[in-house]
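Okay, structure first, notes after.
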Amino acid sequence: MGKYSLRFAALGYLLLILIGPLAMMVWRTAEDLDGAWAAISDPDTVSAFKLTLMVTAIAVVVNTVFGIICGLLIVRGNIPGRGFLNAFVDLPLSLSPVVVGFALVTLYGLDGWLGWFQRNGYEILFATPSIVLATIFVTLPFVVREVVPTLREIGTEQEQAAQTLGASGWQTFWRITLPSIRWAVIYGVVLTAARGIGEFGAVAVVSGNFAGQTQTATLRVEDAYQFAYGNYAPAYGIAFVLAATAVIVLLAMIFLQPKESRA
């Protein structure tokens with residue numbers, strides 16, 4: 001009896017916190033498909049989706065490379081300060097995204113330490129570069145946090161055997177290490193992409209939120225909601241596309257995994 005009660009409690013919690021709001025959003029979108037589609041197909045919305053996908057793709061590439069290198073340094077590296085590096089990687093998870101955005105504004109502002117860029121006509125703030133920097137910052141930990149435990153779990157026996165047989169460091173990495181951590185990397189990439197697509201706080205501070213230029217999809221949802229005047233279909237429609245994208249990415253990861261990994 002206790003086992004079933006616990007199961008129903010867990011499912012009820014998921015229904016209330018996760019599935020309920022998503023189902024409500026889908027229902028509201030379906031009530032006014034014409035209004036939702038008009039908002040989704042609007043040129044400014046299309047531009048917002050394109051910007052979001054581009055920024056997310058850059059963040060995924062940068063943080064995948066960084067995550068693998070950082071994971072190797074933490075687990076395999078023999079350098080001072082590994083414990084500090086391991087803890088420092090989690091900083092973006094502890095900081096509010098709004099604080100991250102404000103810190104970037106302070107750093108790259110006219111009077112900031114890196115204000116040289118703005119003073120000399122290189123637009124960082126309120127332009128695409130600042131959105132990229134903010135997204136990279138908030139998504140930094142995910143690949144690292146998936147790679148580190150996997151590297152510890154697989155150990156070093158296969159790598160040492162490859163080196164004993166004459167393999168170079170690059171050969172060992174490409175043929176032994178990377179294949180062993182590939183699913184950790186893929187899962188980290190999925191989390192990075194999902195977080196990047198849904199980022200709002202830091203981007204809202206640094207982007208300027210100019211429609212058709214520096215407005216991401218999440219900022220577009222906010223504008224559609226703030227200026228709805230009782231017609232929330234545009235906000236629901238754009239939010240539905242964002243949610244559907246995240247679900248599709250997660251489902252793709254599940255079906256691409258080997259059967260033993262799904263279990």
| remark: Flagged in the stretch 143-179 as under 16 Å from LEU73 (Cα atoms) and among the small types (Gly, Ala, Ser), in numbering order, are GLY155, GLY169
| field | In the stretch 165-187, residue farthest from the chain's Cα centre (by Cα) [restricted to those that are of a type in the set (Phe, Trp, Tyr) and within 25 Å of ILE254 (Cβ to Cβ)] | value | TRP183
| said: Return the residues of the stretch 211-221 that are on the phi < 0 side of the Ramachandran plot and modelled with pLDDT under 90; say none if nothing qualifies. | reply: ALA211
| said: Name the single residue that is nearest to ILE131 (Cα to Cα) among those in the stretch 58-68 being surrounded by 12 or more Cβ atoms within 10 Å (Cβ to Cβ) and not small (Gly, Ala, Ser). | reply: ILE58
| task | Would you tally the residues in the stretch 222-242 being free of Cβ contacts under 8 Å to residues at least 40 places away in the same chain and surrounded by fewer than 15 Cβ atoms within 10 Å (Cβ to Cβ)? | result | 6
| query | Pick from VAL185, VAL205: which is surrounded by 19 or more Cβ atoms within 10 Å (Cβ to Cβ), among the hydrophobic types (A, V, I, L, M, F, W, C) and not in a loop (DSSP other than H, G, I, E, B)? | reply | VAL205
| When residues of the stretch 149-164 are filtered for being touching a helix residue (DSSP H, G or I) at 6+ places or on another chain (Cβ under 8 Å) and either farther than 26 Å from PHE255 by Cβ or among the charged types (D, E, K, R) (or both), how many remain? | 5
| field | The one condition in (1) of a type in the set (Gly, Ala, Ser); (2) within 28 Å of THR150 (Cα to Cα); (3) touching a residue at least 12 places away in the same chain (Cβ under 8 Å) that GLY109 fails to fulfil | value | (2)
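Residues are listed down the side, and each one gets a yes or a no for (1) in a helix (DSSP H, G or I); (2) modelled with pLDDT under 90; (3) surrounded by fewer than 17 Cβ atoms within 10 Å (Cβ to Cβ):
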| site | (1), (2), (3) |
| --- | --- |
| CYS70 | yes, no, no |
| ILE79 | no, yes, yes |
| PHE84 | yes, yes, yes |
| ALA87 | yes, yes, yes |
| VAL99 | yes, no, yes |
| LEU104 | yes, no, no |
| message | Among the residues that make up the stretch 120-133, is at least one of them among the charged types (D, E, K, R) and either in a helix (DSSP H, G or I) or outside the structural domain of GLY71 (by TED's automatic domain parsing) (or both)? | response | no
| request: Return yes when ARG175 is in contact (Cβ under 8 Å) with a residue 60 or more places away in the chain and basic (Lys, Arg) and no when it is not. | output: no
| field | Neighbours by Cβ (under 6 Å, 6+ apart or cross-chain): first from the stretch 205-221, in contact (Cβ under 8 Å) with a residue 12 or more places away in the chain and of a type in the set (Gly, Ala, Ser); second surrounded by 23 or more Cβ atoms within 10 Å (Cβ to Cβ) and assigned to a helix (DSSP H, G or I) | value | SER207/ILE131; ALA217/ALA48; ALA217/THR52
| From the residues in the stretch 158-182 that are loosely packed, with under 12 Cβ neighbours inside 10 Å and among the hydroxyl-bearing types (Ser, Thr, Tyr), which one is farthest from VAL144 (Cα to Cα)? | THR164
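The values are calculated or read from the model by the stated rules, or taken from the named source; none is laboratory data. All of these numbers come straight from a predicted model, not from anything done at the bench. As a convention, Cβ positions derive from the backbone with ideal geometry for all residues, glycine included, and neighbour counts pool all protein chains shown.
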